[in-house]
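Worksheet for the structure shown next.
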């Protein structure tokens, strides 16, 4: 390889390398701030650290706990769990089609005195795709 | 001999000649192939057990999202080749990819939004996967306007290529975003390391649609590069003689 080409190759690698380093440091510093939601155990922990005021809207994510779903006075009640901890959620409104016990969910709302008052509910579907008849087997 | 072949192919003139012969047939072939993949996916596969028929947009969303990232990687390679070997053709190809990449990325975001409404219950959320893909879209737009803003096109090629190399870091971030952070977007169904989590009856048409879409988009890139060559070398004798 000619000398000037080698120099330019070095320049190209330097650009990519420094860009990687810069973005890497930014992402490292932001770390968990880039998380889309908190798990029930994370939310309980941050509550103890008094990070949340009563008016902070947060997102809670996990699985809808089996046999926790019921409707009371037009309000939907269920629990979100990460299999270590679970939080009771109260919500008034329409649920997405994919809402199901044992499936992934993200709720947006306020966490007050151990109960999560959700304004919005999103279903989080997984990466498995299969025809309906196979699921029964 | 390899070196000679490389030098010949890499000249805009001979690339143009080859592209002129194969560009359009390739494009038409893969267009029909992609059309076939869509028909297969939309009409001849069973619905998904959880999502029902709405999952079928996967046959457009996944190829588009995949190509949105691959095009940027290809652009980074051609940009590096241009910067190191001063190969004009590589710069022309890079510049031609940017608008196509922007459209494909927009399509990936758009089809994702359509998919999100019935499944997630929302068409837009600022999770890591969606946001990093939006950044990719904005970078494509930025590259297009950067190149357009220079009067001196040789200078434009240089700055364009450097910006591509800086931006290519975003690609692994998009790819790994669903693993590094919690996201609303599900993680990958098809990986190199483990068995696909998508049933074979849906996997085959999906693979077929991805391959066809790759061919279709590269066909477009070839045609667009031809256009760029003619524009940039219009004062050369071989262009005048066409």
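Across segment A:84-115, the qualifying residues are those that are in contact with a helix residue (DSSP H, G or I) (Cβ under 7 Å, 6 or more places away or on another chain) and assigned to a strand (DSSP E or B), and the one among them that is surrounded by the fewest Cβ atoms within 10 Å (Cβ to Cβ) is A:86.
Can you name the residue in segment B:181-202 that is under 30 Å from residue B:29 (Cα atoms) and under 21 Å from the mean Cα position of the chain (by Cα) and is also nearest to the other protein chains (Cβ to nearest Cβ) among such residues? Applying the filter and picking the extreme gives B:189. Restricting attention to segment A:14-35 and to residues that are facing another protein chain (nearest Cβ under 9 Å) and under 20 Å from residue B:160 (Cβ atoms), the residue that is surrounded by the most Cβ atoms within 10 Å (Cβ to Cβ) turns out to be A:15. Being more than 8 Å from chain B (Cβ to nearest Cβ) and closer than 30 Å to residue B:44 by Cβ, is that true of even one residue in segment A:124-134? No - not one qualifying residue is present in segment A:124-134. With respect to the conditions (1) buried (at least 18 other Cβ atoms within 10 Å of the Cβ); (2) under 13 Å from residue B:64 (Cβ atoms); (3) away from chain A (no Cβ under 14 Å), residue B:103 lacks only one, and its number is (1).
Residues that are more than 20 Å from residue B:129 (Cβ to Cβ), surrounded by fewer than 17 Cβ atoms within 10 Å (Cβ to Cβ) and touching a residue at least 60 places away in the same chain (Cβ under 8 Å) within segment B:163-203 comprise just one, B:201. Put simply, of B:128, B:98, B:91, B:76 the only residue that is at pLDDT below 95 and within 18 Å of residue B:168 (Cα to Cα) is B:128.
Residues that are more than 8 Å from chain A (Cβ to nearest Cβ), under 19 Å from residue A:127 (Cβ atoms) and either assigned to a loop (DSSP other than H, G, I, E, B) or under 26 Å from the mean Cα position of the chain (by Cα) (or both) within segment B:46-67 comprise B:54, B:56, B:57, B:59, B:60, B:61, B:62, B:63, B:64, B:65, B:66, listed in sequence order.
Of all the residues in segment B:125-157, those that are away from chain A (no Cβ under 11 Å) and either in a helix (DSSP H, G or I) or surrounded by fewer than 14 Cβ atoms within 10 Å (Cβ to Cβ) (or both) number 23.
The listed residues are B:178, B:221, B:173, B:162, and the only one of them that is within 14 Å of another protein chain (Cβ to nearest Cβ), in contact with a helix residue (DSSP H, G or I) (Cβ under 9 Å, 6 or more places away or on another chain), assigned to a helix (DSSP H, G or I) and within 23 Å of residue B:92 (Cβ to Cβ) turns out to be B:162.
In the condition set (1) part of a helix (DSSP H, G or I); (2) closer than 30 Å to residue A:29 by Cβ; (3) out of contact with any helix residue (DSSP H, G or I) (no Cβ under 8 Å at 6 or more places or on another chain), residue B:193 is compliant with all but (1). Among the residues of segment A:83-117, just one is within 16 Å of residue B:120 (Cα to Cα) and more than 12 Å from chain B (Cβ to nearest Cβ), namely A:101.
Flag set for residue B:14, criterion: away from chain A (no Cβ under 14 Å), part of a helix (DSSP H, G or I) and farther than 20 Å from residue B:214 by Cα.
The values are calculated or read from the model by the stated rules, or taken from the named source; none is laboratory data. Keep in mind it's a predicted model, so treat the numbers as computed, not measured. Note that we place each Cβ from the backbone using ideal geometry, even for glycine, and neighbour counts take in every protein chain shown.
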